[in-house]
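For reference, the structure is listed below as structure tokens.
The numbers here are math on the coordinates, done by the rules we state, and not lab data. Since this is a predicted model, take the numbers as computed values, not measurements. Neighbour counts are summed over all protein chains in view; Cβ atoms, including those assigned to glycine, are modelled from backbone coordinates with ideal geometry.
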Amino acid sequence: MTAQDNTIVQLDRAVKTYAMGLQKVHALNDVSLDIKSGSFWAVMGSSGSGKSTLLNIVGCLDRLSSGAYLVEGQNVAGLDDNALSDRRLRQIGFIFQSFNLIPQLTVQRNIELPLYYLGWDAERSRERGRELARKVGLEDRLNHRPSELSGGQMQRVAIARALANDPRLLLADEPTGNLDSATGEQIMRLLRDLHGEGKTIVMVTHESHVAAYAQNRLHMKDGRIDRIESS
Amino acid sequence: MKNSRFIRNIMLGMENLWLHKLRSALTMLGMVFGVGSVVAMLSVGEGAGKQAMQEIAKLGSHNIIVSSVKSVEEESATGGQTRISMYGLTYDDHKRMQESFPALREIAPVKLIRKEARLGDRMMELRVVGTTDAWFRLVPRTVLAGRTLRREDETEVRPVAVLTEFGARKLLATRNTLGQIVRIGSDAFEVVGIVRNESGQTGTMQIPDQDVDAYIPLSVARQYFGDHFVRRSAGATIRERVELHQIIAQADDMDHVEPTANAIEHMLRRFHKNEDYRISVPLALLRQAEATKRTFNIVLGSIAGISLLVGGIGIMNIMLASVTERTREIGIRRAIGAKRRQIIHQFLIETIVLSTLGGLIGIGLGVLTPLAITWFSGMPTVLTPLGILLPLAISLIVGIVFGLYPAANAARVDPIIALRHE
Ligand SMILES: Nc1ncnc2c1ncn2[C@@H]1O[C@H](COP(=O)(O)OP(=O)(O)OP(=O)(O)O)[C@@H](O)[C@H]1O
Ligand SMILES: [Mg+2]
């Protein structure tokens, strides 16, 4: 607790339960975790161990059943849907395994999407969209639709979109899961660069060579933290 | 700034609809035809109504028209060749009306006469009205030349005639009009004026001077031609004695028209053995026409309402399908930080754009249809601002009402679940 201001994500006895009929599933079971600002975490573990649930909680997409969750020192456990949306909009960038681009929008418009909700005007958004596309090496694909892109390109568009609101926290759920290994490496180098620029990254992955990019590797098991490795 | 965002949202909505051109177009059809038929029907109804109103207005909305009619008893009486049938309004009726109805501003007695007329070597049958100066205050007619009848013409029994355009054309042709001496029957009349005449008919009610050629003072008509008429029809000679054919009265206030008409009827019933008169009140016709129009509008409104309802349900149906289809998109937007309210806006705007666009196209169709009707059938149609704005407002409201439910559905989408399903 010495460097409070340096902790961006703080989970304290976090519990997330899902009711499956009469059965209760503990997707997260008493998880306490501090994530320092600017760190790079990989979350690992077998299927169903609660990795995605953890990421959704951290990303303010979901609420805890009990326990505390603080983002930059502020408890978000009691926030309503609107306030959580606002957190996502201003502080968090999401990257998904299946890219989750909006198919009918062009690359440019997909990247700009968060800016629309941030209330940016069209001119400034376009400028920022181009800039981000350049950053991920897709400035020549701005007017393409997602369906005209390769998997790696789509994931780069998704990363550009996640960066649009200049979030401090980047969350990636198996970002290389749908990509071949060479393309996966490309994406990981991009994430590493972003980490180098000071972004805090939490990434779920199954693959150890992908996890190797992170400084901290969190192993989940049945909704609990099994062990943490640091390098 | 706020304004430009609003426009941007509408543009985004249109863009989304444009992605599914055919579907959007088909969805709009309900609104297009609904609104189109409302606009068209309103303008046809308005046109028909206006025509009826104009015809009635020509009769004078303050006027009460009492006409002589041959009573049923008189009609069936067979008295042979020598019998004279007597019926109708009398000079006394006229006097009584003048004396007992203060609400009547003007009262014009009318005596209709058909006489042979002569001007030089031209001969024709002339339709003559014997009346007073009150007539011209009561039934205003444009004076084309000279003057109309005056009070002194009546009191001093002057043999003067005011011709209508019909009469003037018949008699004078190319001659100089005013000051001419016309022989009507065996008497000489000086032409002192020419007036334009209106023509028109509303149901059973005719414009009083529908087919008149000349007006002369009543006192002159009475003194020169008397009250006996001989008509020849189907070989038989019918002798009649009628004092006045019509009395036209004008009430000082719209509210007095109908009570006064009732009072007149009451009075006439007291003095007439048979019902040899008929009272017509243009205002009553006007009211009737208005009531008919109102009924028509209600029927029309219901039909239109149903068609708009159907259109709205069609839109809602498609929007619900669209929300389901775009669950993932909604999840993505929510994950990025879109609030529920913003998702609601997005879908609501799409629905409103859809319905309003349909409404606008419908208005276009609805404006062209009555124009085409008028063009091809000559039936009058009237487009009122209300007849256009009302359907437009309705289509907007339909968009909001039928868009709310699908939009609320969209906002309920759970982003985690939406993003999980492939
Ligand atoms: N909405 C839900 N309703 C019920 N149970 C759920 C729900 N979401 C997750 N779970 C359960 O919670 C547990 C953790 O799920 P989670 O998605 O976090 O696993 P994961 O580690 O991401 O697995 P994978 O590697 O397959 O993605 C699982 O047992 C899952 O069935
Ligand atoms: Mg998962």
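Summary of computed values
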item: Positive minus negative residues near A:L89 (Lys, Arg vs Asp, Glu; Cβ under 12 Å); result: +4
item: Rg in Å to one decimal, and Dmax rounded to a whole Å, for the stretch B:213-340 via C-alpha atoms; result: 34.2, 103
item: Helix-only mean residue ellipticity at 222 nm for chain A, each DSSP H run of n ≥ 4 adding -39500 (n - 2.57), per residue, nearest 500; result: -10500 deg cm²/dmol
item: Antiparallel %, DSSP beta bridges [both residues in chain A], to 5; result: 55
item: 222 nm mean residue ellipticity, helices alone, for chain B (DSSP H n ≥ 4; -39,500 (n - 2.57); rounded to 500); result: -19000 deg cm²/dmol
item: Amide proton proximity set for A:K36, modelled H, under 5 Å, gap of 5+; result: A:I8
item: Alpha-carbon centroid distance for the pair the stretch A:1-72 / the stretch B:252-289, whole angstrom; result: 91
item: Tilt relative to chain B, helix B:254-271 - C-alpha long axis, 0 to 90 degrees, to 10; result: 40
item: Cα-centre dipole for the stretch B:221-363 with unit charges at Cβ (Lys and Arg positive, Asp and Glu negative), debye to 20; result: 660
item: Choice from A:N143, A:N110, A:N216 with maximal GNM fluctuation in chain A (Cα, 10 Å cutoff); result: A:N143
item: Dipole of chain B [Lys/Arg +1, Asp/Glu -1 at C-beta], most positive-end residue of B:T164, B:L368, B:I343; result: B:I343
item: Three-way shape call for the stretch A:8-85 based on the alpha-carbon gyration tensor, with the a/c threshold at 1.5; result: oblate
item: The stretch B:90-187, Rg to Rh (Cα coordinates; Rh as Kirkwood inverse mean 1/r); result: 1.01
item: Global form of the stretch A:56-191, assessed from the alpha-carbon gyration tensor, a/c cut-off 1.5; result: oblate
item: Prolate/oblate/rounded label for chain A (Cα gyration tensor, a/c 1.5); result: prolate
item: Among A:R141, A:R63, A:R156: highest mean-square fluctuation, GNM of chain A, C-alpha pairs under 10 Å; result: A:R141
item: Sum of side-chain charges, B:I332 neighbourhood, beta-carbon under 10 Å (Lys, Arg +1; Asp, Glu -1); result: +4
item: Leading residue at positive end of dipole, the protein assembly as shown (Cβ point charges), from A:Q74, B:H62, A:G177; result: A:G177
item: Neighbour-limited loop hits for trypsin sites (Lys or Arg not before Pro), the stretch B:230-290 (at most 15 other Cβ within 10 Å; DSSP other than H, G, I, E, B); result: B:K273
item: Computed magnitude of the charge dipole of the protein assembly as shown (debye, nearest 20; Cβ of K, R +1, Cβ of D, E -1); result: 660
item: Dipole moment magnitude, nearest 20 debye, chain A about Cα centre, only Lys, Arg, Asp, Glu C-beta charged; result: 80
item: Neighbour-limited loop hits for GluC sites (Glu not before Pro), the stretch B:120-182 (at most 13 other Cβ within 10 Å; DSSP other than H, G, I, E, B); result: B:E156
item: Binned Cα-Cα distance frequencies in chain B - 10 Å width, integer %; result: 4, 16, 18, 15, 11, 10, 9, 8, 5, 2, 1
item: Radius 11 Å from Cβ of A:D12, net charge of other residues (Lys, Arg +1; Asp, Glu -1); result: -1
item: Orientation-averaged projected area, Cα convex hull of the protein assembly as shown (nm²); result: 47.7
item: Dipole of the stretch A:52-207, positive end: most advanced residue of A:L163, A:N100, A:H206 [Cβ charges, Cα centre]; result: A:L163
